[in-house]
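First up is the structure itself, then whatever we jot down about it.
Only the coordinates and a few stated rules stand behind these numbers; no lab work does. Source: prediction; values computed, not measured.
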């Protein structure tokens, strides 16, 4: 699994740019990225969507 920083870097956005796209402050996003604050699934999906990723869930 890619880290939040890897995901953000793959879409070429700064923390400030990505935080604006997902509706949080740059400081809040930074706390997610370094692991100070736990991230919700909803926020993780917003980040993936903002960077052009899609989540596929498949049954084994």
Notebook entry, point to check: So what's the angle, to the nearest 10 degrees on a 0 to 90 scale, between helix 41-50 and the longest Cα principal axis of the chain?
Noted result: 80
Note to self: Please list the three semi-axes, largest first and in whole Å, of the ellipsoid equivalent to the chain, using sqrt of 5 times the eigenvalues of its alpha carbon gyration tensor.
What the structure shows: 19, 13, 11
Note to self: Quick check: residue separation of residue 10 and residue 59 times 0.36 nm, minus the Cα distance between them. What number comes out in nm?
What the structure shows: 14.9 nm
Check: Hey, what number do you get for the chain at 222 nm if only DSSP H runs of n ≥ 4 count, each worth -39500 (n - 2.57), divided across all residues, to the nearest 500?
Finding: -15500 deg cm²/dmol
